[in-house]
Amino acid sequence: MVKAPFRTLAGGREWMWVEVSAWNANGQISGLLRNEPEDVPGLHGGQTVNVHQRDVFDYLRVRTDGVTEGNETSQIIEAMQQSR
């Protein structure tokens with residue numbers, strides 16, 4: 001999965017996970033949206049979306065043995081919560 005931004009109603013960004021089904025040579029990524037958007041009209045979890053690799057912030061790879069790679073976002077959030 002990759003984490004990519006989607007434009008909100010107010011013009012900001014909502015970051016969501018996309019389960020990659022195709023990654024083209026031109027950097028276009030297609031996949032299923034794995035979050036339920038809070039402020040992105042017209043999108044819903046499970047919908048097929050397209051993002052570009054230049055916009056990807058994070059990734060999450062789960063190997064067949066259950067070991068994960070990436071997901072730096074959760075580590076950043078956890079560190080922020082602990083510093084409060």
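For this structure, a couple of remarks:
- Residue in segment 72-84 that is nearest to A4 (Cα to Cα), counting only those that are among the polar types (S, T, N, Q) and open to solvent by 80 Å² or more (accessible area, probe 1.4 Å): Q75
- Looking only at residues in segment 53-71 that are part of a loop (DSSP other than H, G, I, E, B) and under 19 Å from Q28 (Cβ atoms), the one that is most open to solvent (accessible area, probe 1.4 Å) is F57.
For every residue, the table says whether it meets (1) open to solvent by less than 60 Å² (accessible area, probe 1.4 Å); (2) basic (K, R); (3) assigned to a strand (DSSP E or B); (4) within 12 Å of V2 (Cβ to Cβ).
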| residue | (1), (2), (3), (4) |
| --- | --- |
| V20 | yes, no, yes, yes |
| G31 | yes, no, yes, yes |
| E36 | no, no, no, no |
| V40 | yes, no, no, no |
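- Only listed residue being modelled with pLDDT of 95 or more and either out of contact with any strand residue (DSSP E or B) (no Cβ under 7 Å at 6 or more places or on another chain) or among the basic types (K, R) (or both), chosen from R63, R54: R54
- Being closer than 19 Å to T68 by Cα and open to solvent by less than 70 Å² (accessible area, probe 1.4 Å) is a property that V2 has.
The values are calculated or read from the model by the stated rules, or taken from the named source; none is laboratory data. Bear in mind that the values here come from a model prediction, so they are computed numbers and not experimental data. Please note: Cβ atoms are built from the backbone with ideal geometry, for glycine as well, and neighbour counts cover all protein chains shown. These accessible areas exclude ligands, DNA and RNA; they are computed on the full protein's heavy atoms, side chains included. Shrake-Rupley method; radii C 1.70, N 1.55, O 1.52, S 1.80 Å.
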